[in-house]
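Participant: One structure is given below, represented as structure tokens, and several questions about it will come after.
The values are calculated or read from the model by the stated rules, or taken from the named source; none is laboratory data. Nothing here was measured: the structure is a model prediction, and the numbers come from that model. All Cβ positions, glycine included, derive from the backbone under ideal geometry; neighbour counts span all protein chains shown.
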Amino acid sequence: MFCIISNSIISNYPFLLFANLQYMLASLNASARNIGKREWGNGGPSGAGSLIQNPERTEFFRNEGGSWNMPYGKFFLEWYSDMLLLHGERICREAETIFRGTEVHISAKLAAIHWHYVTQSHPSEVTAGYYNTFKRDGYLPILRMFSKYGFSMCCSCFEMQDIVMKKINPDCSPEGFLRQLLLDARLCDISLEGQNFSTDLDDDGFTQVLKMSKYYSDGIERRPFSFNFVRMDKNMFEPRNWDRFTRFVRRMSDGNMFRARLNSVGKLRLKTTVAAEVGLLYQLYQYS
């Protein structure tokens, strides 16, 4: 589940990736030596299982007595997440330098990984480099990095509801994940861009977007919030679906969640409702 498991796994990777993994092994080894635990620097954790295994049945991720919560596990997960932060720092620094002095606004997207959010070890998150567990907030360091460089943050799954998703996976919690992320965004005072994941939003889905948007923006005077409605297709413009969308835009606008602004397309001035503007822009895009 981690990118470093053992030397036998590493030997199967292409040369370029192998060189990168060799660098990571050297970094891990140096970190282990720095704390006097040379034996911890020889590779990734054992007993972490595979992508198709239940984390609760693995030695590393199980809730009771799992290695993730032992000294070695904490050392490895901190090093692993630090590697992601170092990479993010380099990317943010370069992007900020490139666009400095322009009017370009930079947004960084953070993956919505909620599949094991109600477990103690949060295996889906920590294997992605987000050292977020039931006792440790792994997103604050990332959001502080975004804030340092003036980035806003984008995150999806605003329409997802626990009551629906738990029927598929009892260990997931998109709402719990998103609430944590939204609170961290408020703490770091960074602008937020919400996003949907599904293509077929019903009334409950749109209501959920409104609910989670308010969770972030209530009480913030600047209201630095926008919502990216993605995966729009021709089904969106069927009468029933279009009515839902227009009601959603109206509710978001009436609640001062955002003020949609579309100026013009070429010489065409748009003076219709916000939702109609969106539809017209989509059609112009389709036939341009």
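Participant: Restricting the search to the stretch 109-129, which residues are under 22 Å from GLU193 (Cα atoms), out of contact with any strand residue (DSSP E or B) (no Cβ under 6 Å at 6 or more places or on another chain) and of a type in the set (A, V, I, L, M)?
Facilitator: ALA111, ILE113, ALA128
Participant: Something else: Mind listing whichever residues of the stretch 94-125 are aromatic (Phe, Trp, Tyr) and either surrounded by 15 or more Cβ atoms within 10 Å (Cβ to Cβ) or under 28 Å from ASN42 (Cα atoms) (or both)?
Facilitator: Of everything in the stretch 94-125, those that are aromatic (Phe, Trp, Tyr) and either surrounded by 15 or more Cβ atoms within 10 Å (Cβ to Cβ) or under 28 Å from ASN42 (Cα atoms) (or both) turn out to be TRP115, TYR117.
Participant: Regarding SER213, is this residue in a loop (DSSP other than H, G, I, E, B) and in contact with a Gly (Cβ under 7 Å, 6 or more places away or on another chain)?
Facilitator: no
Participant: Test each condition in (1) more than 30 Å from SER213 (Cβ to Cβ); (2) at pLDDT 95 or above; (3) surrounded by 17 or more Cβ atoms within 10 Å (Cβ to Cβ) for ALA48 and report the one that comes out false.
Facilitator: The failed condition is (2).
Participant: Out of the helices (runs of 4 or more DSSP H) lying entirely within the stretch 14-131, which hold 2 or more residues that are over 17 Å from the mean Cα position of the chain (by Cα) and farther than 29 Å from SER152 by Cα?
Facilitator: 15-34, 71-99
Participant: List pairs: first residue in the stretch 223-248 and over 24 Å from CYS188 (Cβ atoms), second residue aromatic (Phe, Trp, Tyr) anywhere in the structure, Cβ distance under 7 angstrom, at least six positions apart or on different chains.
Facilitator: Pairs that qualify, where the first residue is over 24 Å from CYS188 (Cβ atoms) and the partner is aromatic (Phe, Trp, Tyr), are MET232/TYR282; MET236/TRP242; MET236/PHE245; ARG244/PHE206; PHE248/PHE206.
Participant: Which one is nearest to LEU28 (Cα to Cα) among residues in the stretch 72-93 that are among the hydrophobic types (A, V, I, L, M, F, W, C) and surrounded by fewer than 14 Cβ atoms within 10 Å (Cβ to Cβ)?
Facilitator: Out of the qualifying residues, it is LEU86.
Participant: Okay, next question. Working only within the stretch 189-241, note down all residues that are modelled with pLDDT of 85 or more, within 18 Å of the chain's Cα centre (by Cα) and charged (D, E, K, R).
Facilitator: ASP189, GLU193
Participant: Have a look at LEU182, LEU187 and point out the one that is in contact with a Leu (Cβ under 9 Å, 6 or more places away or on another chain), within 30 Å of MET70 (Cβ to Cβ) and assigned to a helix (DSSP H, G or I).
Facilitator: Going through LEU182, LEU187 in turn, the sole match is LEU187.
Participant: Further, regarding this structure: When you look at GLU159, is it assigned to a helix (DSSP H, G or I), surrounded by 17 or more Cβ atoms within 10 Å (Cβ to Cβ) and acidic (Asp, Glu), yes or no?
Facilitator: no
Participant: Next question, about the same structure. Here is a list of conditions, (1) loosely packed, with under 14 Cβ neighbours inside 10 Å; (2) within 26 Å of PHE229 (Cα to Cα); (3) not aliphatic (A, V, I, L, M), and PHE134 meets all of them except one; can you say which number that is?
Facilitator: The single condition PHE134 does not satisfy is (2).
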